[in-house]
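Report on the following structure.
The values are calculated or read from the model by the stated rules, or taken from the named source; none is laboratory data. Here the structure is a predicted model, which is why all the values come from computation and not from measurement. A quick note on method: Cβ atoms are made from the backbone with ideal geometry, for glycine too, and the neighbour counts reach across all protein chains shown.
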Amino acid sequence: MVTPLTEDNNLDDKSLKRLIEHLISGGVHGIFILGTNGEAPSLTYALRKELVTKTCEYIHGRVPVLVGISDASFEGAIEMAKHSKISGADAVVIAPPYYYPITDIEMDEYLAHLIPKLPLPFLLYNMPSCTKMTLSMETIDKARKLGALGIKDSSGDLDYLYGLIDTFRNSPEFAIIVGTEAFLPETIARGGHGAVAGGANFFPKIFVHLYNASLVKDKNKIAEIGGKVNQLYDTIYSVGKDASRITKGIKCALSVMGICNDHMALPFRRFDAKDRETIKSYMKNFKNKELDTIKMK
């Protein structure tokens, strides 16, 4: 889930409520806050805590809440984990501490110290483009033995994803969840368990339908809905040249829909008027095609 912000970089409470209701009415099975699209590293601890508290309050147990606690500071991660527990979250999500490149041994030691202090169940988060580290199978297995419920893989590397699924095939309780949303059908077909899809912020139904079609191996439906998902990559996610264009595109799409505004935390800035009009035209085209109302047979 993105983090709705006001122009002066405070939490947009009204937009947060609308976004949560939009997601839940769209059929999502859970909500992950303070991840990459949530701009977590750019937010103050106070704002992160406010987001956690209000998200848990507004969701009120209707779906599980997962909170990203990844931080360059060990103590900061623990602080956010404790606050998540107090607020009523269901689990926390851990990526390698960012900024400094670290070794597998250092990551193993980090987890060995962190996990015993966590007050909630946890998942791992593989996000090498932001953390300078690809989690090794050995490190992941050590975390699994220490209690990890699963891992979200946002490497964008299909071979790595398949390696994850194959490595932990005999541990069905360990969830393999893909962050590259276009890989959802391949993930399920290989034996994985689901996706955390950024595009579900604005089109939740399409990803729920794609997941359901993948479960029942409906090849025609998978091809139909998968083609729509691929259109998002060619349109909403391709506006502008900045590496942040996916998050910007998601927020701008939500703004066009009237769900939440598209203000972003520095160093990111929202799209200019020209790019916003481009997103608006894409969204109008999707609406005409009823992209988010595909019906399952």
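The condition of being in contact with a strand residue (DSSP E or B) (Cβ under 9 Å, 6 or more places away or on another chain) and of a type in the set (Val, Ile, Thr) does not hold for Ile86. Among the conditions (1) at pLDDT 95 or above; (2) over 16 Å from the mean Cα position of the chain (by Cα); (3) within 25 Å of Met127 (Cα to Cα), the only one that Ser15 does not satisfy is (3). Put simply, of Val93, Val63, Val67 the only residue that is hydrophobic (A, V, I, L, M, F, W, C) and over 26 Å from Pro128 (Cα atoms) is Val63.
The residues of segment 97-122 include none that are within 15 Å of Thr36 (Cα to Cα) and aliphatic (A, V, I, L, M).
If you go through segment 48-80 and keep only what is buried (at least 17 other Cβ atoms within 10 Å of the Cβ) and of a type in the set (Asp, Glu), you end up with Glu50, Asp71. Each residue in segment 1-52 was checked for being hydrophobic (A, V, I, L, M, F, W, C) and either assigned to a loop (DSSP other than H, G, I, E, B) or under 16 Å from Ser84 (Cα atoms) (or both), and 13 of them qualify. Looking only at segment 2-12, which residues are on the phi > 0 side of the Ramachandran plot and either within 16 Å of the chain's Cα centre (by Cα) or buried (at least 18 other Cβ atoms within 10 Å of the Cβ) (or both)? Within segment 2-12, none qualify. In this structure, Val63 qualifies as touching a strand residue (DSSP E or B) at 6+ places or on another chain (Cβ under 7 Å), β-branched (Val, Ile, Thr) and over 17 Å from Thr3 (Cα atoms). Going through (1) modelled with pLDDT of 95 or more; (2) surrounded by fewer than 19 Cβ atoms within 10 Å (Cβ to Cβ) one by one, Val178 falls short only on (2). Yes or no: Gly226 assigned to a helix (DSSP H, G or I), modelled with pLDDT of 95 or more and in contact with a Leu (Cβ under 8 Å, 6 or more places away or on another chain)? Answer is yes for this residue.
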